[in-house]
1. Just to confirm a number: summing +1 for Lys and Arg and -1 for Asp and Glu over residues other than residue 92 whose beta-carbon lies under 11 angstrom from that of residue 92, what do you get?
2. Mind checking which lysines have their C-alpha under 23 Å from residue 61, skipping anything on the same chain fewer than 8 residues away?
3. Quick one: if you stick a label point 7 Å off each Cα along the C-beta vector at residue 189 and residue 206, how many nm between them?
4. Less than 13 Å apart at the alpha-carbon level, and either on another chain or at least 8 residues along: which aspartates and glutamates does that give for residue 233?
5. Which of 186, 70 comes first, and how do the rest follow, when ranked by fewest Cβ neighbours within 10 Å?
6. Among 196, 219, 188, which one moves the most in a GNM of the chain with springs linking Cα atoms closer than 10 Å?
7. Extension gain residue 18-residue 256, at 0.36 nm per residue separation less the Cα-Cα distance, in nm?
8. Classify the chain as rounded, prolate or oblate, taking a ≥ b ≥ c as the square roots of the eigenvalues of its Cα gyration tensor: rounded when a/c is under 1.5, otherwise prolate if a/b is larger than b/c and oblate if not.
Amino acid sequence: MPLFILSSFSCPVPSAWQLFPKGSEFYNYSVCSIEEGDVHHFWWCQNANPLQVVDHIYYRKFLLSKKRWTPPLPVLFPSEEGWDSLHVCDPAVVKGEFKYDGKVYNYALFYLGTYYPEGVECKHNQLGVAFSETPEGPWVKFKGNPIVEGSKHTWGVGQPSVISLNKKGKVLLFYTKQEDDFSTHTYMRELDFSFMDNPRFGEAKLVPTEGLREREEGMAVILSDADFAYDPKRDIFFLARPQHPYPLHPSGERAIVSGYIQIAYIEGESLRSGKGGWKIIGEIGPEDSGFPLNHSPAIARNWYGWVDNPHKLRINFSTAKLGKDSLWSYTLYGIIIDIPPLNL
């Protein structure tokens, strides 16, 4: 079975393929994928113990020439105490040069963490970073975490996506932020993590939503849980993001994840100025995967968050069933989509 195949966005039979099997008492979602020639690297969110909802970050790689997966390896765990002592999730990995604690590390992993204080559920998510000399770790958490703080009174901040700006310590970080009960946005910030004894944080800028659309006509765009990748030759950014409204379970309750994923692009200057609009490439949905829920998308990229193929994008995402046991059906799938001629 191929790892990925082509989607036309309107095919009569499912065209996405399961990346690897999982047990029925585990969930897999929020994947980050890096392509390095013959090797594809994957980090994702999974529970460590059957039927226990505690997020850990796992890693494995696929060797294309051998058509073989390495065993899944837990690489980032909740801390024993503190801000990320319950869940660590939403991995976003980038290569560079990051000097921390007297050592230069080759890789940075940005992640969401939370600690679940009594009476507060799904709130106060914050962002941290860890460093490693190899893709599989060991990962060393930054003592100054969290690097982006979230409110105690909302979901907080999380769902990072990261792109290198100079192949060293400067990166562009995207993340979701819930402002209040009625407002959620995506922000971007330039960071200079070359020397972690003096990390530098740029201004948080709102990512524009013009040109994007939801599945319900007239509905205001909610930009969250988006992944980004960069094409340096054309100076364009690609986006993969869940569409709203989310589907309904048979009980009538709204699902907490999406049914459709939208793919779009924007010119670099438009994104940086915050004044331009996105142009839609297409959508991934039940027709492509065979599942009613399709969520937590990730664009496969190289180590620096860049796309190397101007004609195709690999999109990895999580599928799920509807119903009370939806969480335990979260499974990682992949697909390849064509990039049409772009209107630049």
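1. Here the charged neighbours net out to -1.
2. Qualifying lysines at Cα under 23 Å: 22, 95, 141, 167, 312.
3. 1.8 nm
4. 267, 308
5. Values: 186 22, 70 14.
Listing 186, 70 from fewest to most nearby Cβ atoms yields 70, 186.
6. Its mean-square fluctuation being the largest, the pick is 219.
7. Full-extension gain reported as 83.5 nm.
8. The shape class here is rounded.
Since every read-out is calculated from the coordinates, none of them should be taken as a lab result. These figures come from a predicted structure and were not determined experimentally. Glycine gets a Cβ as well: all are built from the backbone with ideal geometry, and neighbour counts include every protein chain shown.
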